[in-house]
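As structure tokens, the structure follows; a few thoughts come after it.
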Amino acid sequence: MIDTAGEKLSPEDYLSDVRPVWCPGCGHYFVLRALTQALAWLRIPKEQIGLVTGIGCSSRISAYVDAYGFHGVHGRALALGAGLKAVRPDMNVIVAGGDGDGYSIGGNHFLHACRRNMDLTYIVMDNEVYGMTKGQPSPTTEPDWQSKLAPEGTGIRRFNPLGIALASGASFIARGSAGDQKGLSRLIVEAIEHKGFSLVEIKTPCVTFRPEEKAWYKSMRKIAIEPTDDMILAAQRIHGSDGFDTGIFYQADLPVFQPHFTEEKSIEDFEKEFEV
Ligand code: SF4
Ligand code: MG
């Protein structure tokens, strides 16, 4: 990676040489495009971007963006991202992954990342299924969806990411659609610019294991919601939505957690203490 500070970049400039292996028609291609568009719009130097991902189809995105990337372990991307931000507050830390990774095994990290409100951007590519491991129900799968692994459906109510983020203390909560790439890149720009923990939940079809989700490309309603810092109004919007509205549901100026390393406690002390 070359030093790109001060250069004008296009979305293509943020693509690495690694060719995506996603299935043809997968929504994640549009998320990658929206993310690179947002980075180009903001003209963020590549060496100032840390893209940290978990495990799953969507988490491969860190290999496809030409920036510092870390493909972590399952469900731990937010913990890794928080660690990076703690020691490199100057970097734009973007954490990305899927619904299984972030809301199931990573659920605990999700709650506390919202609560800490560090200045991180969290992109969740939610296709309501575990795609990489061949179509198991995820926390956002509807209870009556029938699959080989759950022939009668799970019977378990769905996780509500936006509602849980609001209750846990996230200061920017948005939903986007892979089918509205322009709107999605706008949301990602807003999320990166926001100071605090930003959740961008993206409905992105898994065309292989949930072909019916292809309808999402057309059925999601375009950006229509203006931000509010009123928690009650935001809760009404979130819980009153059928899940097909996109936009910024909540945005507030809340205290941001950022550890400070001082002369008494430097990064070197930290490294010695933890033998890193
Ligand atoms: Fe995309 Fe689903 Fe294929 Fe994974 S399995 S690449 S989520 S379409
Ligand atoms: Mg998924």
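If we only count strands (runs of 3 or more DSSP E) wholly inside segment 192-276, which ones have 1 or more residues that are over 24 Å from ASN160 (Cβ atoms) and more than 22 Å from the chain's Cα centre (by Cα)?
Details: elements: 198-203, 221-225, 245-251.
In segment 192-276, no matching strands (runs of 3 or more DSSP E) lie anywhere.
Out of the residues in segment 110-135 meeting the condition of being near ligand 2 (Cβ under 10 Å from one of its atoms) and among the polar types (S, T, N, Q), tell me which one is surrounded by the most Cβ atoms within 10 Å (Cβ to Cβ). Full working, then the answer.
Within segment 110-135, the first condition is being near ligand 2 (Cβ under 10 Å from one of its atoms), and the residues that meet it are 124-133, 135.
When the remaining residues are screened for being among the polar types (S, T, N, Q), the result is 127, 133.
Details: ASN127: 30, THR133: 13.
Checked segment 110-135; the qualifying residue surrounded by the most Cβ atoms within 10 Å (Cβ to Cβ) is ASN127.
Failed condition for GLY107, given (1) farther than 26 Å from GLU213 by Cα; (2) of a type in the set (Gly, Ala, Ser); (3) surrounded by fewer than 22 Cβ atoms within 10 Å (Cβ to Cβ), with all others met?
Failing condition for GLY107: (1).
Quick check on my filter: what residues within segment 17-71 are buried (at least 22 other Cβ atoms within 10 Å of the Cβ), of a type in the set (Gly, Ala, Ser) and within 29 Å of LYS214 (Cα to Cα)?
Within segment 17-71, GLY27, ALA34, ALA38, GLY54, GLY56, SER58, SER59, SER62 meet the criteria.
Across segment 203-228, what is the total count of residues that are more than 13 Å from ligand 1 (Cβ to nearest atom) and under 27 Å from SER171 (Cβ atoms)?
9
Taking segment 122-148, which residues are of a type in the set (D, E, K, R), touching an Asp or Glu at 6+ places or on another chain (Cβ under 9 Å) and assigned to a loop (DSSP other than H, G, I, E, B)?
Going residue by residue through segment 122-148, those that are of a type in the set (D, E, K, R) are 126, 128, 134, 142, 144, 148.
Then drop every residue that is not touching an Asp or Glu at 6+ places or on another chain (Cβ under 9 Å), which leaves 126, 128, 142, 144.
Passing the criteria: GLU128, GLU142, ASP144.
Please enumerate the residues belonging to segment 172-188 that are in contact with a Phe, Trp or Tyr (Cβ under 6 Å, 6 or more places away or on another chain) and modelled with pLDDT of 95 or more. Break it down into steps so the answer makes sense when it comes.
Of segment 172-188, the ones in contact with a Phe, Trp or Tyr (Cβ under 6 Å, 6 or more places away or on another chain) are 173, 178-179, 181.
Listed by number, the residues that qualify are ILE173, ALA178, GLY179.
The values are calculated or read from the model by the stated rules, or taken from the named source; none is laboratory data. Just so you know, these numbers come straight off a predicted model, no measurement behind them. Every residue, glycine as well, gets a Cβ built from its backbone with ideal geometry; the counts of neighbours run over all protein chains shown.
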